1. If we only count helices (runs of 4 or more DSSP H) wholly inside region 368-449, which ones have 3 or more residues that are under 29 Å from Pro467 (Cα atoms), modelled with pLDDT of 95 or more and not aliphatic (A, V, I, L, M)?
2. Scan region 228-243 for residues that are open to solvent by less than 30 Å² (accessible area, probe 1.4 Å) and out of contact with any Lys or Arg (no Cβ under 9 Å at 6 or more places or on another chain) and jot them down.
3. For Ser450, are the conditions met, namely being over 14 Å from Asp338 (Cβ atoms), free of Cβ contacts under 8 Å to residues at least 60 places away in the same chain and open to solvent by 10 Å² or more (accessible area, probe 1.4 Å)?
4. When region 453-476 is examined, which residues are found to be touching a helix residue (DSSP H, G or I) at 6+ places or on another chain (Cβ under 9 Å), surrounded by fewer than 23 Cβ atoms within 10 Å (Cβ to Cβ) and closer than 14 Å to Gln551 by Cβ?
5. Restricting attention to region 536-553, report how many residues are assigned to a loop (DSSP other than H, G, I, E, B) and open to solvent by less than 90 Å² (accessible area, probe 1.4 Å).
6. Run down Asp575, Asp507 and say which single residue is open to solvent by 10 Å² or more (accessible area, probe 1.4 Å) and without any contact (Cβ under 8 Å) to a residue 40 or more places away in the chain.
7. Could you look through region 366-377, keep only residues that are touching a Gly at 6+ places or on another chain (Cβ under 8 Å) and buried (at least 24 other Cβ atoms within 10 Å of the Cβ), and pick out the one that is farthest from Gly572 (Cα to Cα)?
Amino acid sequence: MTAEPDDGTTVERPKRRRSRLRKLWDGLMALVVVGLLAWAALFFVFAPELPDTDALLRDKPSPGLTVIGADGRKLVHRASFNGLSVRLDRLPEHLPQAVIAIEDRRFYEHFGLDLLGLARAMLSNVKAGGVVQGGSTITQQLAKNLYLSHERTLLRKIRELTLAIWLETRLSKDQILELYLNRVYLGAGAYGMEAAAQRYFAKPATAVSLSEAAMLAGLLKAPSAYAPTRHLARARTRAGVVLGAMAAAGYLSEAEAEAARGRPADVAARGGIDSANYFVDWLAEDLEARVSSAEQDLGVVTTLDPGLQSAAERILREGLAREGKALGVGQGAIVALDADGAVRAMVGGRSYAASQFNRAAQASRQPGSAFKPVVYLAALDAGLTPDSRFIDQPVTVEGWRPRNWNDEYLGRITLRTALARSVNSVAVQLQERVGRAKVIETARRLGIESALRPEPSLALGTFEMTPLELTAAYAAFAGRGRLVRPYGVVAVFDREGRPLYRRRAPDAPRVVATRSVEQMRDMLGAVVRDGTGRAARTERGRALGKTGTTQDARDGWFIGVSGDLTIGVWTGNDDGSATRGLSGGGLPARIWKALADWRADAPGTQPRVPLPQPKPRRPDGGNMVQRMVDWAFGLFGEETWEGGPIDRETAEDVTNDVIEWIKEEMAKARETEYPAGKESRGGANR
């Protein structure tokens, strides 16, 4: 092409620009070809044995769950972790629309990998200076959930992409979406929209409202963080975000989205012993992981004592009704553990129907002075004794001046008196003497895993932890000085009674020396006898414990040992607001005493289903032990499934047989190791 200048001559236009564009185009095409070849190579190199996708479309619901108490009675029955698959065309259209809008708006346009969405997510993350938006498509998430672990590695990501494209070539978009909706985890042990709808709203997924659909879709980002049974307000806020995304995607008008926000979803109440559901929720996720391959309904033998559980629920409710209004206290929690960690009672709030948030296992609160026994144990380990003396006087540490209650100081006192009177200045002095790192190390030995920092206020319980966590730490003082890990599952069986899981009693390490255990019991007894815990004093046996009250009386605690049972009580408000004069030595101590007294007076307080014991050292005699175990866990006959009690006569007969067998085996062992007329060459026991 030519052009004519003003002087009439003809000049040819340069072709440099066209040449550059052509080279750029050729380069891009070459990159595309190389990329496709590289992707093909990666597909064959990194892909695992590609699965048969036909099997994915067949229903495989996970088992239902019947929870059995320690006495053999049925407590709760729940439907399956994931219900039968629901066809996409049977779901209300706003449910898949909500998922697509918030998770993968270009789902029907991409090939398994959304390049535009990935670029947009990367840009958003760069602008925010952190990860605020993910780039995984629904197909990628399905591939990960079906076939891969959740490790964060490049190799896993490549396999995820490979499988996503494989799924896109084998299945239609609707089939992929249907599988995703039926397999994705949605919290509280529920997999799939059907199970989640039943779990949270007590209705099938085909009947969920727009607000409920938005809440379910909102769970996909972080099921535990947004589970409405734990964080209803947070779940509703997240549902509002989903409704906004639906409006932006054109599925709703702004007016419809706003109207749905004004009618937020509610969580349905559960059946069974009301507060036992807190305990079952606590078990659910761990239990599903243990028996994920099971296809039949399951029976789960647990440690929960139904009588103690019902008493704890009633006593907490009555205590809050009697004193809560005057004190400005709205909530409470109770947990009771045996010395080996078996959870005998767990009440996560005054009403499970009103709030499914488990304050016993999930609420992290400051323990206040209830943390002081950890400090005192560190001091005992350093060589001090209950009779060691310190001066109760004002102290200053790094510019911080802790104050005693009512600014009263007692002068020279023993550690026993200091703990009994809950003297702050002495607790801080002890901590500074043994070292804050030593206090934290002692807390870790006792099983406290919550975040602790070596700050001066550590001694006064300013770092948050759950009631279950702190109660388990106190359980080490119940007599043995061994690490206590709370547990609730004893055994799992299918409907035919075949065992799928049986707990074996672990050899728990000793974390408190015998001498220190006795010294701590001495000092904790003084708390109840002469100190701040006098309201917990009982005539039915020795009581040991410690009060705890936090700043502005926001939290009140009493944790103590009665016999072989360790009971923790917390009271306060969910929003952390101040109360009107709540103290650990008041309402919490009275609740603790009422439950300890009930347990001491209750007939047959020992559970009729024995806990598993460590394996016997000798290989012989196994048949008899197996007989005992089979009886103890053979709870799934028709009578038991209907909630009938175990026959007491049978229990007594088997127990007597076991006792006789133990006697015979011990006699045989003595005769074998020390025949008549011969003496042992071994030395004395040490």
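1. Per the criteria, 372-381, 424-434, 436-445.
2. Of everything in region 228-243, those that are open to solvent by less than 30 Å² (accessible area, probe 1.4 Å) and out of contact with any Lys or Arg (no Cβ under 9 Å at 6 or more places or on another chain) turn out to be Ala235, Val242.
3. Considered against the rule, which asks whether it is over 14 Å from Asp338 (Cβ atoms), free of Cβ contacts under 8 Å to residues at least 60 places away in the same chain and open to solvent by 10 Å² or more (accessible area, probe 1.4 Å), Ser450 comes out as no.
4. The answer is Ser457, Thr462, Phe463.
5. 3
6. That would be Asp575, the only listed residue that is open to solvent by 10 Å² or more (accessible area, probe 1.4 Å) and without any contact (Cβ under 8 Å) to a residue 40 or more places away in the chain.
7. Lys372
Residue-wise test of (1) surrounded by fewer than 18 Cβ atoms within 10 Å (Cβ to Cβ); (2) more than 21 Å from Gly584 (Cβ to Cβ); (3) modelled with pLDDT of 90 or more.
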residue: Asp274; (1), (2), (3): no, yes, no
residue: Tyr278; (1), (2), (3): no, yes, yes
residue: Leu287; (1), (2), (3): no, yes, no
residue: Val291; (1), (2), (3): no, yes, no
residue: Val301; (1), (2), (3): no, yes, yes
residue: Leu304; (1), (2), (3): no, yes, yes
residue: Gly307; (1), (2), (3): no, yes, yes
residue: Ile315; (1), (2), (3): no, no, yes
residue: Arg322; (1), (2), (3): yes, no, yes
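The values are calculated or read from the model by the stated rules, or taken from the named source; none is laboratory data. Given the structure is predicted, the values throughout are model-derived calculations rather than measurements. Here Cβ is always computed from backbone atoms with ideal geometry, including for glycine, and neighbour counts include all displayed protein chains. Calculation scope for accessible area: heavy atoms of the full protein, side chains included, ligands and nucleic acids excluded. Shrake-Rupley method; radii C 1.70, N 1.55, O 1.52, S 1.80 Å.
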